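Beneath this line is the structure, given in structure tokens, with notes to follow.
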Amino acid sequence: MPKLSLSSLASLSLRTYANPLQDNPSYAVVKQYFVNVDDAVSQTIVVHKDSPRGTHFRRAGPRQRGGYRGFYSRNTIPLTPKSVNDIHKRGGTVIGTSRGGHDTLKIVDSIEDRGINQVYIIGGDGTHKGASVIFEEIRRRGLKVAVVGIPKTIDNDIPVIDKSFGFDTAVEEAQRAIDAAHVEATSAENGVGVVKLMGRFSGFIAMYATLASRDVDCCLIPESPFYLEGLGGLFEYMEKRLKENGHMVLVVAEGAGQDLLLESMRTADKKDASGNKLLQDVGLWISHKIKDHFKQKNWTLNLKYIDPTYMIRAIPANASDNVYCTLLAHSAIHGAMAGYTGFTVGPRVIERQNKVVITDRMWARLLSSTNQPSFLDPKAISGFKKDEETGRTQLLEWENHEEAEGRGPSDSLKAESASSA
């Protein structure tokens, strides 16, 4: 038999065979020689002989579930109409979730190897940042894959979306905690109910739950700084409310007052697996501060601290969020099927990060509802006044300039509207 070289083998028309593991849910590509620390390491190999797919091997040992790790270190989960028939009636997520584990190259390798052409990524601000990186890598490789983001966070803080699903449900459930705090506060002498709600950088849940409840005397959010002691501080306001009503309810978002905690506890900034700053428990901290203050004043105080954080996040969606989720899902699928990629679905797109604007009417309505002060120190107030005076001066100068040219401000606005039209 003559010897065959590699060049002669390449010229032969040999029959090719598809990889039998290509479509197996246990198969994941790893384009490297050594096992990565993030990959699941098999402890044993289990052979399934009576499987409907025939004899094959399944990976065994430690596995990661959910989140970005699911692209390359866990078996896939088939989502059929039957399997997802009633998931809207349950809280949480059937596909799992995790922090960290984002390895762009390995994720896109898995997408390419499995022949996936549509990727729907559901999550909040950090998840959407990861989706953007995946989209850029897919575009760099020239793959025909649609990448679609679906906003899901109860904090409602995704930068380009004015509302995410889960928010209405969170506000509705937060009211139950506020109602419980109000009952406890009114049942005791100088009763104080403290409720901590979710909101790392945006206080929308705390603000809307406060407005809906009408039982809250003070609401603290990350966007509005506050201080405890001294004239116009939180303690002075609490003393006033307790003298008037004999009880009060305080709602605080988890991201509020973090600068005060760092200054008081002198702890270093730490981050989680996703790179997010680990927050100190502001609810527990402020409860201890309130108790210490009134103890020094020789006041009888009955404080009850309620943290419903994960109870709120784990409940099923309400009717409003169910309808909204359906609209987002339909929009995502229609966009991907129409050939669009690298987009996020939502009712309205805004250019700034979604945060509470404390100079807006909604925050003014909250201050009117609770009768609480702004808690801004005199320096901040003087700074706002200077900004307002500067703005008025610039407006007067502009009006004088327009009048000098023989036309009023309204004529100029009409001209601008006509040019923009």
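The values are calculated or read from the model by the stated rules, or taken from the named source; none is laboratory data. None of these values were measured; they are calculated from a predicted model. Because the Cβ atoms are built from the backbone with ideal geometry, glycine has one as well, and the counts that use them run over all protein chains shown.
Residues are listed down the side, and each one gets a yes or a no for (1) on the phi > 0 side of the Ramachandran plot; (2) surrounded by 12 or more Cβ atoms within 10 Å (Cβ to Cβ); (3) at pLDDT 90 or above; (4) not polar (S, T, N, Q):
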| site | (1), (2), (3), (4) |
| --- | --- |
| LEU279 | no, yes, no, yes |
| LYS289 | no, yes, yes, yes |
| HIS293 | no, yes, yes, yes |
| LEU301 | no, yes, yes, yes |
| ALA319 | no, no, no, yes |
| VAL323 | no, yes, no, yes |
| THR326 | no, yes, no, no |
| THR341 | no, yes, yes, no |
Here's a check for you: in region 117-136, which residue that is buried (at least 16 other Cβ atoms within 10 Å of the Cβ) and outside any helix (DSSP H, G or I) is modelled with the lowest pLDDT? GLY124
Filtering region 194-249 for residues that are among the aliphatic types (A, V, I, L, M) and assigned to a helix (DSSP H, G or I) leaves a count of 9
Which of the residues that make up region 176-193 are surrounded by 24 or more Cβ atoms within 10 Å (Cβ to Cβ) and either in a strand (DSSP E or B) or without any contact (Cβ under 8 Å) to a residue 60 or more places away in the chain (or both)? VAL192, GLY193
Determine, yes or no, whether LYS163 is of a type in the set (D, E, K, R), more than 19 Å from GLN372 (Cβ to Cβ) and either part of a strand (DSSP E or B) or not assigned by TED's automatic domain parsing to the domain that holds LEU242 (or both). yes
Does GLU223 qualify as being among the charged types (D, E, K, R) and closer than 25 Å to GLY166 by Cβ? yes
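Rundown of residues vs (1) modelled with pLDDT of 90 or more; (2) part of a helix (DSSP H, G or I); (3) over 23 Å from SER331 (Cβ atoms); (4) aromatic (Phe, Trp, Tyr), yes/no style:
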| site | (1), (2), (3), (4) |
| --- | --- |
| ARG99 | no, no, yes, no |
| ASP155 | no, no, no, no |
| ASP168 | no, yes, no, no |
| ALA174 | yes, yes, yes, no |
Give the residues of region 295-317 that are in contact (Cβ under 8 Å) with a residue 60 or more places away in the chain and either among the small types (Gly, Ala, Ser) or in a helix (DSSP H, G or I) (or both), sorted by residue number. THR309, MET311, ILE312, ARG313, ALA314, ALA317
Single unsatisfied condition, ILE138 versus (1) in contact with a Leu (Cβ under 8 Å, 6 or more places away or on another chain); (2) under 22 Å from VAL345 (Cα atoms): (1)
